[in-house]
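The values are calculated or read from the model by the stated rules, or taken from the named source; none is laboratory data. Everything numeric here is computed off the predicted structure, so don't read it as measured data. Glycine gets a Cβ as well: all are built from the backbone with ideal geometry, and neighbour counts include every protein chain shown. Keep in mind that these areas ignore ligands, DNA and RNA; they rest on the heavy atoms of the full protein, side chains included. Shrake-Rupley method; radii C 1.70, N 1.55, O 1.52, S 1.80 Å.
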Amino acid sequence: MDSLTDIAVYVRVVEEGSFTRAAERLDMSRSVISKYITRLEERLGVRLLNRTTRRLSLTEAGRIFYERSRHSLQDIEEAEAEVSRLQLKPSGTLRINSPMSFGILHIAPWVPDFLAEYPDINVEMNLDDRKIDIINEGFDVSIRIADMPDSSLVARRLAPCRHVIAGSPSYFEQHSRPLAPGDLVDHNILSFSYQASAGDWHFVSPEGEPVSVTVSGSVRMNNSLAIREALLGGLGLARLPTFVVGSDIQQGRLHTVLDSYMKPEVSIYVVYPQRRHLSPKVRAFVDYLADKITDTPYWD
């Protein structure tokens, strides 16, 4: 501990620019400050400070040692603060961003239970299918459904996001079921506006071969819940995530096709800005989501 004290005193002397001011800030005598610096230099075997009656200056070794020591002391202070935060109750306003359908179906229903567990938190949730900049727009966390989230953010994977091609029983009463991706050209496809290359669908055959098909239809919508309603009404076929239509498939309101063809799979992440100290409210929410959504999500 003596060495750590010596280093802390040295950093303070450098920052204050004099033994006298450092002594005042640390509530020590000037002679004690001098003793700490001398002991540190003797242990290191190098002069850190050039002392004159009027000023102090750093030697080259002193400058290098100051920079490294300053950062190390900051890390120690932050470690102490982080441990202290573990004792704090999560509180404040939690700003959440989520794709609209996922937020409506799988975030909003849990808000009452989450707030019952953490009554000092207020929730402000923004539902938006566009990809937003959570830092510039001031969000604490965001749900991302993607191959890989932005590397500038901290990402925790919650679950896979499987897609299926589905239609209603009434639709299949009027139209044959596609047996291969190429058959989709004969069907009315309900497409998602925000999806890149919404008209180009890619598959992997049971033999492992890539297959692509260009599809078209009479409807494009920018919300998957709206597409789901059109599907249930028998308007056509659509490719949707199972977190939207899983219960409809389980209860027979929708039927899937081309299940033997592997559709590209992405993942569901909760992301938040890179911060050295994760606030208790964000940690509480991220852990809550991870407990609710597992690698085998309930909607599958």
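Please arrange Val257, Val123 by accessible surface area, largest first, computed with a 1.4 Å probe and ligands excluded.
Details: Val257 10, Val123 45 Å².
Ranking Val257, Val123 by accessible area, largest first, yields Val123, Val257.
Taking all protein chains together and rolling a 1.4 Å probe, Met125 ends up with roughly 60 Å² accessible. By the Stokes-Einstein formula, at 0.890 mPa s and 25 °C, the chain with its Kirkwood radius over alpha-carbon pairs has D equal to 102 µm²/s. Extending 7 Å from the Cα toward the beta-carbon at both Val204 and Arg253 defines two label points whose distance is 3.2 nm.
Under a 5 Å amide H cut-off, with hydrogens placed 1.01 Å from N, Ala159 pairs with Ile268 among residues at least 5 apart or on other chains. With both labels modelled 7 Å from their Cα along Cα-to-Cβ, the Ser216 to Ser193 distance reads 2.0 nm.
Its Cα centre serving as origin, the chain has a Cβ charge dipole (Lys and Arg +1, Asp and Glu -1) of approximately 1400 debye.
Taking every DSSP helix (H) stretch of at least 4 residues in the chain, weighting each as -39,500 (n - 2.57) and dividing the sum by the residue count yields a mean residue ellipticity at 222 nm of -11000 deg cm²/dmol. Within the same chain, aspartates and glutamates fewer than 8 places from Lys35 are excluded, and of the rest, those with a Cα less than 12 Å from its Cα are Asp2, Asp6. For segment 225-232, 3J(HN,Hα) computed residue by residue from phi via the Karplus equation (6.51, -1.76, 1.60; θ = phi - 60°) reads 5, 5, 4, 4, 4, 5, 4, 4 Hz, glycine and proline entered as x. Per residue, the accessible area of segment 1-43 comes to 58 Å² when a 1.4 Å probe rolls over the protein heavy atoms.
By a 1.4 Å probe calculation restricted to protein chains, Ser218 has an accessible surface near 90 Å², given to the nearest 10.
Our estimate of slack between Asp133 and Val32, defined as 0.36 nm per intervening residue step minus the Cα-Cα distance, is 31.2 nm. Expressed as a whole percentage, what fraction of the accessible surface of segment 185-275 belongs to carbon and sulfur atoms when a 1.4 Å probe is rolled over the protein heavy atoms? Looking at segment 185-275 in its full context, I get 49 percent from C and S. With a cut-off of 20 Å on the backbone N, the residues of segment 104-119 near the modelled label site 7 Å out from Ser91 along Cα-Cβ are 114-119.
Normalised by the number of residues in the chain, the mean separation of alpha-carbon contacts (under 8 Å, six or more apart) gives a relative contact order of 21 percent.
Within the same chain, aspartates and glutamates fewer than 8 places from Lys89 are excluded, and of the rest, those with a Cα less than 12 Å from its Cα are Glu117, Asp120. The order of the peptides 58-64, 105-111 by mean Cβ neighbours within 10 Å, most packed first, is 105-111, 58-64.
Using the Karplus relation 6.51 cos²θ - 1.76 cosθ + 1.60 with θ = phi - 60°, the per-residue 3J(HN,Hα) values for segment 160-176 come to x, 10, 8, 10, 9, 9, 9, x, 7, x, 5, 5, 6, 5, 9, 9, 6 Hz, with x marking Gly and Pro.
Computed from backbone phi, the HN-Hα couplings of segment 208-215 come to x, 8, x, 9, 10, 8, 9, 10 Hz, rounded to whole numbers (Karplus: 6.51 cos²θ - 1.76 cosθ + 1.60, θ = phi - 60°; Gly and Pro given as x).
With N residues in segment 1-139, what two-decimal value do you get for its Cα radius of gyration over 2.2 N^0.38 Å? If you can, show how the numbers build up before the last one.
Details: Rg = 25.0 Å, N = 139, 2.2 N^0.38 = 14.3 Å.
My calculation over the Cα atoms of segment 1-139 gives 1.74.
Near Met125, the amide H atoms lying under 5 Å from its own belong to Ile96; only residues 5 or more places off or on other chains count, and H is placed 1.01 Å from N.
For Val211, the residues 5 or more places off, or on other chains, whose built amide H falls under 5 Å of its own are Phe203, Val204, Ser205.
Arranged from highest to lowest average of other beta-carbon atoms within 10 Å per residue, in what order do the peptides 169-177, 183-191 appear?
Working: 169-177: 12.6, 183-191: 18.0.
Packing order, densest peptide first, comes out as 183-191, 169-177.
Here the label points at Leu4 and Ser72, each 7 Å from Cα along the C-beta direction, are separated by 1.1 nm in the simple model. Once the chain from Leu179 to Asp147 is taken as fully extended at 0.36 nm per residue, the excess over their C-alpha distance is 8.8 nm.
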